[in-house]
Amino acid sequence: MTSLDSLGHLVGGTPLLSIRCRFRGREFTLHAKLESINLTGSVKDRMALHILREATLSGALQPQDTIAEATSGNTGIALAAIGRALGHSVRIYMPDWMSAERKAVISSLGAEIIPVSAAEGGFAGSVELAEAFAAGRDDVFLPRQFANEANVRAHEQATGPELLAQLESLDLVPSAFVAGVGTGGTVMGVGRALRSAHPETTVHPMEPANSPTLRTGEKRGKHRIAGISDEFIPPIIDLDFLDEIIDVWDGDAILAAQALARDLGLAVGISSGANLLAAVQLATRGTGENVVATLFPDSNKKYLSTDLVREEPLRADYLTPDLQLLGFEACACPRLAPLGV
Ligand code: PMP
């Protein structure tokens, strides 16, 4: 089967975009890693490959084992592709209301989808069913992305050091990093890497203003920023380590993602628009120029049947109408040492 090392050439090492912006009379540059360049088109390939790498090397994942995980989106696609490349059977438990495209991508990658109805508990029910499938069996591996510290290490050992090396090549020191929280692996891992190199860097989680989970500790309201803000605070999130939470309205995130595609040719997903607006908020604080970094987790391809491609109504408190995207430079990723465990 395909080796972990070979897959390592297809995951990570993403370019850094330095995007020149104008917002309410100020010009500044924001920095974002373009994660749609990964094997299956999202940042989740990093976590999937690293969890499977650590588990293979420790013996927790044996060659004949089935990988089983509850996920509705990019993680399912990443685990299906990387799991199959490594020769494993893959079972993905997902709520049955997920889009037809999403199910088709995962099943085309040879994974088995177990649809879970709202009556069976939806997303929380999917987690329970995956756990129940593995209970008492020693031939099932559960990545448990929300609780697995290897998810954080994927970003601490690769995404973060890549970002630092790219900023350094531009003679920049990060002042702040911000990322929307799904599992929290990205913000915790990149945050740790940046803080250990530059202790004064602030590290901010972002969540939807219309459905704050981190602020409230539970699911409140609905939002359309796919991939972030699930029903609970993930166990790998340490709010004491993180700085102020940044809020972004989902409609504003949609408008920002549309602007990145229309004005700069960067066809990104909704959470990328949200990360951009969170970075704008941090960059325009104070009087000096802050070096603010984030990432663009995926492309727009999975959202072509959603509000991302429809006209989004404006609201007075949105930021995008005041934001002009002037252009960008891309910086390649230097080769770093291969990931260890
Ligand atoms: N954006 C998208 C599109 C995602 O799929 C995810 C992962 N669920 C995130 C952002 C958040 O990443 P993380 O799980 O590392 O917090």
Original post:
within 14 Å of the ligand (Cβ to nearest atom), aromatic (Phe, Trp, Tyr) and under 22 Å from Ala193 (Cβ atoms): does that describe Phe146?
Top reply: yes
_Please verify whether Leu264 is of a type outside the set (Val, Ile, Thr), crowded, with 19+ Cβ neighbours inside 10 Å, more than 15 Å from the ligand (Cβ to nearest atom) and in the same structural domain as Lys33 (by TED's automatic domain parsing), treating the condition exactly as stated._
no
Apart from one, (1) within 16 Å of the ligand (Cβ to nearest atom); (2) of a type in the set (A, V, I, L, M, F, W, C); (3) in contact (Cβ under 8 Å) with a residue 40 or more places away in the chain; (4) more than 20 Å from Gly273 (Cβ to Cβ) all hold for Met206; the odd one out is (4)
Check your understanding: Does the range 40-61 contain at least one residue that is modelled with pLDDT under 95 and either small (Gly, Ala, Ser) or closer than 30 Å to Leu167 by Cβ (or both)?
Key -> no
Considering only helices (runs of 4 or more DSSP H) wholly within the range 112-186, the ones with at least 1 residues that are at pLDDT below 95 are 122-134
Note on Leu10: of the conditions (1) more than 30 Å from Asp230 (Cα to Cα); (2) surrounded by fewer than 19 Cβ atoms within 10 Å (Cβ to Cβ), unmet is (1)
From the option list Asp243, Asp317, single residue qualifying as modelled with pLDDT of 95 or more, surrounded by 13 or more Cβ atoms within 10 Å (Cβ to Cβ) and assigned by TED's automatic domain parsing to the domain that holds Leu170 is Asp243
message = When you check Ala55 against the structure, is it over 12 Å from the mean Cα position of the chain (by Cα) and part of a loop (DSSP other than H, G, I, E, B), yes or no?
response = no
Counting only strands (runs of 3 or more DSSP E) entirely within the range 233-341, those with at least 3 residues that are under 20 Å from Ser36 (Cα atoms) are 292-296, 323-331
Just one listed residue, out of Thr40, Thr75, is part of a loop (DSSP other than H, G, I, E, B) and within 16 Å of the ligand (Cβ to nearest atom), and it is Thr40
Output yes when any residue across the range 82-98 is under 21 Å from the mean Cα position of the chain (by Cα), more than 14 Å from the ligand (Cβ to nearest atom), part of a helix (DSSP H, G or I) and within 22 Å of Thr159 (Cβ to Cβ), and no when none is.
-> yes
Across the range 8-37, the tally of residues that are part of a loop (DSSP other than H, G, I, E, B) and either among the hydrophobic types (A, V, I, L, M, F, W, C) or within 16 Å of Ala256 (Cβ to Cβ) (or both) stands at 3
Among Ile67, Ile92, Ile51, the single one that is touching a His at 6+ places or on another chain (Cβ under 9 Å) and either surrounded by 24 or more Cβ atoms within 10 Å (Cβ to Cβ) or among the basic types (Lys, Arg) (or both) is Ile67
task: Might you check whether a residue that is within 16 Å of the ligand (Cβ to nearest atom) and surrounded by fewer than 23 Cβ atoms within 10 Å (Cβ to Cβ) occurs anywhere in the range 29-36?
output: yes
| query | Out of curiosity, is Gly251 closer than 25 Å to Gly122 by Cβ, surrounded by fewer than 18 Cβ atoms within 10 Å (Cβ to Cβ) and either among the acidic types (Asp, Glu) or away from the ligand (no atom under 13 Å from the Cβ) (or both)? | reply | no
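The values are calculated or read from the model by the stated rules, or taken from the named source; none is laboratory data. This structure is a prediction, so every number in the text was calculated from the model and none was measured. When we count neighbours, we look across all protein chains shown, and the Cβ atoms used for this are built from the backbone with ideal geometry, even at glycine.
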